[in-house]
Amino acid sequence: MAGLCCARVSGALQLGLGGFRLYGHGARCYSTYDVVIVGGGLVGLASARQLILSHPNLRFAILEKENEIASHQSGHNSGVIHSGIYYTPGSLKARLCVRGASLLYEYCDLKRIPYKQCGKLIVAVQHQEIPRLQALYERGLQNNVPGLRIIEAREIREKEPYCKGILALDSPYTGIVNYRQVAQSYSDDFCDAGGSVLTGFEVSDIKMVNESPAGSEQGLEYPVIIRNTKGEEVHCKYVLTCAGLFSDRVSQISGCSSEPRIVPFRGDYLVLKPEKCYLVKGNIYPVPDPRFPFLGVHFTPRMDGNVWLGPNAVLAFKREGYRLCDFNTRDFGEAVTYSGLRKLVLKNLVYGVGEMYRALFLRAQLKELQKFIPELSINDILRGPSGVRAQALDRDGNLVDDFVFDGGSGEIANRILHVRNAPSPAATSSLAIAEMIAAEVEERFNL
């Protein structure tokens with residue numbers, strides 16, 4: 001089904017037309033589903049796939065506002081399959097990343113999606129970083145990350161001949177993949193099982209139907225109305241939202257809470273010139289500083305043979321603003337007037353100014369990169385693509401670090417589940433997240 005249409009009919013006529021039903025005088029043309037998933041990114045697609053495979057007799061649809069799936073975070077990420085080192089032991093992030101990586105490798109093998117298990121080195125370049133590296137190693141062991149070990153300068157050079165470091169944490173289980181291919185495969189599985197993907201459907205309203213449409217024999221069997229910006233509708237029994245950068249707004253229009261609030265951060269990458277890609281064999285990461293909210297710049301090989309350097313992390317002036325000049329008044333206004341962002345900026349003022357400076361001046365970012373590969377020069381790098389991260393913040397200016405799933409209050413609460421926060425490593429964890437979401441949907445909605 002390519003999309004929805006509007007129609008006017010006279011009288012109390014009910015027709016079947018390509019999956020749509022026409023109800024009553026002046027009614028709209030719409031289709032009915034048992035469960036609708038809002039958002040065609042990796043988490044939405046994986047969850048829809050899991051649900052339809054578990055419940056083949058139910059009708060499912062995915063609503064995606066763009067004309068293609070995986071158009072935003074899912075299609076603008078670094079492509080890394082994370083192993084689960086960084087995350088607090090026992091957290092959802094830790095558990096879902098480790099299981100998700102295992103499931104993703106198995107899935108790629110099954111579907112013959114190419115990937116490379118090229119590994120990752122987290123490299124200490126200063127002696128004061130060594131205790132943090134050791135703590136990271138212990139955390140990775142607690143999270144059951146396979147194959148972790150500490151290596152010294154000689155082995156660093158064996159793995160990455162151009163990398164300078166004192167000690168490194170070697171994670172051979174880390175890999176890379178093209179997540180657009182993964183997303184397309186999830187979508188294909190969903191459609192092959194009988195699901196519908198409706199693109200170009202930007203949700204503007206989610207509400208309960210007040211009464212049975214005239215001439216309907218369905219009664220209130222499908223009591224949730226989802227309307228788009230064109231006035232088109234679908235009706236359903238239950239809703240799962242996986243709206244990424246707009247998860248707070250979609251929650252709000254359904255009558256649920258707007259907290260945690262999404263604040264967009266743009267990450268700008270540099271790329272190595274093709275003739276210099278030999279400088280990097282696998283992923284090279286810095287030792288993260290717990291005082292700061294992001295990981296810092298790193299080296300990421302890509303499936304197409306390119307190498308990305310970065311990203312930085314700066315406030316985006318538009319939720320889907322991939323260029324420095326992209327601006328949206330509402331997005332910017334909501335971000336800068338939110339108390340959580342102001343508190344985050346005050347707590348990380350020096351770091352934030354540094355990120356903005358490095359975003360503007362290549363040589364400043366190059367200086368960070370040269371700590372790991374001294375041979376890099378300004379002539380070896382070019383400006384590359386950007387992504388926008390949906391960062392959830394609370395009112396106290398704290399990054400919401402773990403996955404958040406909730407319902408809400410009001411009459412729609414028992415029929416909706418919101419994925420409120422699904423940050424990195426959500427792409428890696430998508431199949432494991434889907435298992436958890438499907439179990440929660442089944443329990444809440446008694447499927």
Next item on the list: Quick one: which residues, 5 or more positions from residue 405 or on another chain, have an amide H under 5 Å from its amide H? H modelled 1.01 Å from N in the peptide plane, none for Pro or chain starts.
Entry: 420
Check: Quick one: how many Å² of residue 158 are accessible to a 1.4 Å probe, rounded to 10?
Finding: 120 Å²
Check: Using a Förster distance of 22 Å, how high is the FRET efficiency between residue 199 and residue 106, based on the Cβ-Cβ distance and rounded to 0.05?
Finding: 0.15
Margin query: Just the number please: accessible area per residue for the chain, 1.4 Å probe, all protein chains included, in Å².
Written below: 43 Å²
Next item on the list: Order these peptides, 384-390, 80-86, 188-194, by their mean beta-carbon neighbour count within 10 angstrom, highest first.
Entry: 80-86, 384-390, 188-194
Item checked: Relative contact order, percent, region 250-323 [alpha-carbon distance under 8 Å, six or more residues apart] -> 37 percent
Notebook entry, point to check: So, by mean Cβ neighbours within 10 angstrom, what's the order for 67-76, 222-231 with the highest one leading?
Noted result: 67-76, 222-231
Margin query: Please list, ordered by chain and number, the residues whose modelled amide H lies under 5 Å from the amide H of residue 81; skip anything fewer than 5 residues away on the same chain.
Written below: 175, 176, 177
Next item on the list: Take the solvent-accessible surface of the protein heavy atoms, probe 1.4 Å, and return the percent of it on region 184-317 that carbon and sulfur atoms account for.
Entry: 47 percent
Notebook entry, point to check: Cα gyration tensor of region 219-366, axes a ≥ b ≥ c as square roots of the eigenvalues: rounded (a/c below 1.5), prolate (a/b > b/c) or oblate?
Noted result: prolate
Next item on the list: Let me know the volume per residue of the alpha-carbon convex hull for region 62-152, in Å³.
Entry: 148 Å³
Next item on the list: Extending each Cα 7 Å along its Cβ direction at residue 378 and residue 164, get the distance between those two points in nm, one decimal.
Entry: 1.9 nm
Item checked: Options 391, 405, 378, ranked by Cα towards positive dipole end of region 344-438, top entry (Cβ charges) -> 378
Check: Let a ≥ b ≥ c be the square roots of the eigenvalues of the Cα gyration tensor of region 325-366; is it rounded (a/c under 1.5), or, if not, prolate (a/b larger than b/c) or oblate?
Finding: oblate
Next item on the list: For an R0 of 25 angstrom, estimate the FRET efficiency from the Cβ-Cβ distance between residue 347 and residue 141 and round to the nearest 0.05.
Entry: 0.25
Check: Out of 69, 287, 419, whose Cα points farthest toward the positive end of the dipole of the chain (charges: +1 Lys, Arg; -1 Asp, Glu; placed on Cβ)?
Finding: 287
Check: Remind me, relative contact order of region 172-321 in percent, using alpha carbon pairs under 8 angstrom and six or more residues apart?
Finding: 18 percent
Notebook entry, point to check: For region 87-212, what does the alpha-carbon gyration tensor say about shape, rounded, prolate or oblate, given a ≥ b ≥ c as the root eigenvalues, a/c under 1.5 as rounded, and a/b over b/c as prolate?
Noted result: prolate
Item checked: In region 280-333, the trypsin sites (Lys or Arg not before Pro) that fall in loop regions by DSSP, at most 11 other Cβ within 10 Å -> 291
Notebook entry, point to check: Around residue 417, which amide H atoms from residues at least 5 apart in sequence, or from another chain, sit under 5 Å from its own amide H, with H modelled in the peptide plane?
Noted result: 239, 240, 241
Next item on the list: Filter the DSSP H helices in the chain by two things, a Kyte-Doolittle mean of at least -0.5 and an axial alpha-carbon span of 24 angstrom or more, and list the hits by number.
Entry: 92-111, 426-445
Note to self: A 31 angstrom limit on the alpha carbon distance is what I want to check against. Which of 120/343; 159/367; 93/230; 318/367; 93/343; 237/343 exceed it?
What the structure shows: 120/343; 93/230; 237/343
Notebook entry, point to check: Remind me, relative contact order of the chain in percent, using alpha carbon pairs under 8 angstrom and six or more residues apart?
Noted result: 21 percent
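The values are calculated or read from the model by the stated rules, or taken from the named source; none is laboratory data. Just so you know, these numbers come straight off a predicted model, no measurement behind them. Glycine also receives a Cβ, built like all others from the backbone with ideal geometry; neighbour counts cover every protein chain displayed. Surface areas here come from the heavy atoms of the whole protein model, side chains and all, with no ligands, DNA or RNA. Shrake-Rupley method; radii C 1.70, N 1.55, O 1.52, S 1.80 Å.
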